[in-house]
Amino acid sequence: MKNCRYADVRLGIHEVKYAHAENGKAKGMDEDASLSFGIRMLAGEMSAWGFYSQSIGGSEARPKSFGEILTLGVQKAYARAIANAHKKAEFKPFAPSLTEVTLARVNPCRDAIDSVFDEDPRAIPVKDILALCIKISGAMHSIGKDVRYAFLQVQTGIHREVFCSSEGACIDQAHALTQGTLAVVAQKAGGVPEVCHDYLGDLRGWEVLQGKNIYRQPLAEFAGMRTHETLELTEAEFLPATNEPVVVVTNPHFNALLVHEIIGHPTEADRALKLETAYAGRSWLLRDLQNNELGKQIASPLLNAYSDPSMNGYGHYKYDAEGTPAKRVNLIENGICKEFMNGREQAAILQHPPNGSMRATDPHSVPLVRMTNTVFAKGDKSPAEIIAEVKDGYFIVNHRIPSISESRENFRISAQKVYKVESGKITKLYRQGGITADSKDFLMNIDAVGSDFSVFPIPNCGKGQPMQIMRVGNGGPTLRSRAKLTGLRT
């Protein structure tokens with residue numbers, strides 16, 4: 001095809017089984033298999049992207065027709081790339097910043113990666129999945145009369161995707177996924193309800209629900225723990241808000257959402273380069289290519305943060321959606337902003353090496369720069385020691401809901417539980433509170449980093465237009481800093 005600079009195809013098959021129940025009663029179950037593809041082409045004299053995708057089902061899945069569908073897709077992707085290139089050239093006199101798309105070079109790879117599991121998800125009968133949901137949600141509901149609602153959903157399956165490019169790459173990757181999702185509502189008579197919503201999962205087989213997970217608990221024990229915690233909160237007082245910052249110790253589960261919001265998204269290069277400004281915001285780390293935080297102190301020298309797809313977690317993979325080998329990206333080193341997660345196009349703009357951070361929810365979705373296993377690095381201080389050094393402060397336990405500014409330069413994140421810390425001891429429990437701070441102030445004020453470390457499953461990271469929901473891993477150690485408390489104002 002004339003003026004075609006580059007092309008790639010992603011073809012994926014997803015096999016999944018799932019069921020859910022409420023208060024010990026069945027609500028639904030199903031099993032499904034889907035086939036879809038996405039084609040990207042870079043073409044035109046002022047080269048631009050063209051994308052075409054399609055989900056395949058029914059009669060279209062027959063081998064004799066699939067080649068025709070794929071050929072038509074290539075033609076449509078090429079036509080869209082040419083049309084976009086013409087429009088860029090047309091508007092170039094009025095928008096000098098418009099340039100042709102260039103891609104940073106990578107060596108094309110040929111590889112096959114199998115899914116990892118002890119117990120094959122495809123061997124689990126869907127009726128057994130439903131039975132588990134009925135049993136556990138019923139046990140949650142029966143823990144106490146003030147448990148008003150108990151929900152449990154379980155899914156398990158295999159996802160396989162093949163990537164081929166005009167540069168010669170051919171990569172076949174598969175992974176298993178097993179996840180349990182719970183929700184519980186507890187309310188005393190005439191009181192304010194408490195709600196908990198959490199996940200347990202990993203890129204493995206059925207063994208995840210039997211204890212091979214970050215909590216080292218079977219799903220039934222995890223669901224019971226969260227239900228008891230929610231009931232306990234109905235007895236607690238509401239956290240009073242403060243007008244001034246106080247000492248706060250944040251646990252790894254809370255820090256999973258914190259690193260996600262103020263480090264993960266701001267270090268995605270497409271956001272930083274304002275390629276998604278209209279619908280998702282910008283980054284406080286890069287105002288423009290000349291005015292940015294790269295190489296500057298943005299956090300305490302004690303703090304390090306990185307994104308690493310080679311680690312176990314929801315952000316694990318060997319090659320990204322462009323066939324680039326995944327690698328650890330050091331985002332913050334000793335408090336210095338060092339690097340952004342990127343794809344080949346953003347790497348060329350920033351003149352950085354490509355680091356394999358392009359992903360898509362499904363093959364029929366456009367690849368975007370997405371965080372992977374993005375975490376605060378562990379330090380050298382025990383969590384017990386960090387709390388013991390606090391004369392007057394608060395222990396912030398487990399994340400709930402974020403509220404984040406457009407450029408992520410400040411945040412407000414609620415916690416499941418907040419404890420008062422007095423003379424190094426955890427004392428009173430509070431409910432329905434959290435913390436708020438300017439992102440840089442919070443990071444600069446970190447004066448202790450724990451030796452503990454956990455990576456939690458985050459299955460619902462949203463980005464893109466149309467929206468894509470991606471699974472990522474986030475976490476880190478216990479941290480100590482300063483922030484204002486959010487909660488009840490008197």
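The table below gives the values:
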| read-out | value |
| --- | --- |
| Most positive-pole-ward Cα, ILE469, ALA305, ILE396, against dipole of the range 246-486 from beta carbon charges | ILE396 |
| P(r) tail fraction, the range 399-490 - alpha-carbon pairs more than 17 Å apart, % | 64 |
| Under the Karplus curve 6.51 cos²θ - 1.76 cosθ + 1.60, θ = phi - 60°, whole-Hz ³J(HN,Hα) for the range 319-327, x wherever Gly or Pro sits | 10, 7, 6, 10, x, 7, x, 6, 8 |
| Size descriptor, Kirkwood hydrodynamic radius, that averages inverse alpha-carbon separations across the range 152-214, Å | 14.7 |
| For the chain, accessible area per residue (1.4 Å probe, heavy atoms of protein chains only), Å² | 43 |
| Fraction in percent of alpha-carbon pairs per bin - 10 Å, the range 246-486 | 8, 34, 36, 17, 5, 0 |
| Within the accessible area of the range 4-234 (1.4 Å probe), percent carbon and sulfur | 55 |
| Directionally averaged shadow of the range 93-205, computed from the convex hull of its alpha-carbon atoms, nm² | 14.5 |
| Cα centroid of the range 376-449 to Cα centroid of the range 27-55, whole Å | 41 |
| The chain, dipole about Cα centre (Lys/Arg Cβ +1, Asp/Glu Cβ -1), debye to the nearest 20 | 640 |
| Reference-scaled alpha-carbon Rg (2.2 N^0.38 Å with N residues) for the range 4-234 | 1.39 |
| Ordering of 325-331, 185-191, 117-123 by burial proxy (mean other Cβ atoms within 10 Å per residue, highest first) | 325-331, 117-123, 185-191 |
| With every protein chain in place, the range 373-484: carbon and sulfur % of accessible area (1.4 Å) | 47 |
| Prolate/oblate/rounded call for the chain, Cα gyration tensor, a/c under 1.5 rounded | oblate |
| Sorted peptide list for 263-271, 199-207, criterion being average Cβ within 10 angstrom, highest first | 263-271, 199-207 |
| Between 0 and 90°, nearest 10: helix 63-91 axis offset from the chain longest Cα axis | 90 |
| At 0.890 mPa s and 25 °C, Stokes diffusion of the range 226-324 via Kirkwood alpha-carbon radius, µm² per second | 141 |
| If the convex hull is drawn through the Cα atoms of the range 299-386, its volume per residue in Å³ | 107 |
| Cα-based equivalent ellipsoid, the range 344-431: semi-axes from gyration tensor eigenvalues, Å | 39, 17, 13 |
| For the range 308-334 and the range 209-245, distance of Cα centres in Å | 30 |
| Acute angle (nearest 10 degrees) that the helix 126-141 long axis makes with the longest principal axis of the chain, alpha-carbon atoms | 30 |
| Percent RCO, i.e. relative contact order, over the range 4-234, from Cα pairs under 8 Å lying at least 6 residues apart | 22 |
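The values are calculated or read from the model by the stated rules, or taken from the named source; none is laboratory data. In this text, all values refer to a predicted model and were calculated from it rather than measured experimentally. Every residue, glycine as well, gets a Cβ built from its backbone with ideal geometry; the counts of neighbours run over all protein chains shown. Remember, those area values only see protein heavy atoms, side chains included, never the ligands or the DNA or RNA. Shrake-Rupley method; radii C 1.70, N 1.55, O 1.52, S 1.80 Å.
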